[in-house]
Amino acid sequence: MVVGVVVAVARVSAHGAPPVAAVPCDAGALGAAFSSGLALQSVSQYACDSGWAYVWANIGGGPAEVSVTEVLHFNALSGEWRFARRQDVCKPTILPSDIYRKGCFSN
């Protein structure tokens, strides 16, 4: 009897849950975070893992163009990547290993 109840609950849970959308991880999706006044020129490298990402990018233009490293977090409610404050999140207990190494130890 207990086994039957567990199976019934598992079926309801599996069918009643909304589908989980994939987190977009491409230069366009990550680059959209720069639209808040930073003139994104190019993205040279990036990676995503578990809702976190790092981006190596060039911003600005002409002689004012600079290379930057940013750590981003995916906001599931808005469906957008947002900048994370590196001083707050650059901890190996918070970030996935690759994001931590490549997002926290560069300019």
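Quick check on this structure: which one of Gly51, Gly60 is in contact with a Phe, Trp or Tyr (Cβ under 6 Å, 6 or more places away or on another chain) and of a type in the set (Gly, Ala, Ser)?
Selected residue: Gly51, the only one of Gly51, Gly60 that is in contact with a Phe, Trp or Tyr (Cβ under 6 Å, 6 or more places away or on another chain) and of a type in the set (Gly, Ala, Ser).
Suppose the filter is at pLDDT 90 or above, among the hydrophobic types (A, V, I, L, M, F, W, C) and outside any helix (DSSP H, G or I); does Val20 pass it?
So Val20 does not fit the description; no.
Kindly indicate whether any position in region 44-55 is closer than 17 Å to Tyr100 by Cα, among the charged types (D, E, K, R) and surrounded by fewer than 17 Cβ atoms within 10 Å (Cβ to Cβ).
yes
Can you name the residue in region 72-87 that is surrounded by fewer than 14 Cβ atoms within 10 Å (Cβ to Cβ) and of a type in the set (A, V, I, L, M) and, of all such residues, is nearest to Tyr46 (Cα to Cα)?
Checked region 72-87; the qualifying residue nearest to Tyr46 (Cα to Cα) is Ala76.
What single numbered condition from (1) closer than 18 Å to Val43 by Cα; (2) in contact with a helix residue (DSSP H, G or I) (Cβ under 7 Å, 6 or more places away or on another chain) fails to hold for Cys90?
(1)
The values are calculated or read from the model by the stated rules, or taken from the named source; none is laboratory data. What you see is a predicted model, and the numbers here were worked out from it, not measured in a lab. Here the Cβ is made from the backbone with ideal geometry for all residues, glycine too, and neighbour counts use every protein chain on show.
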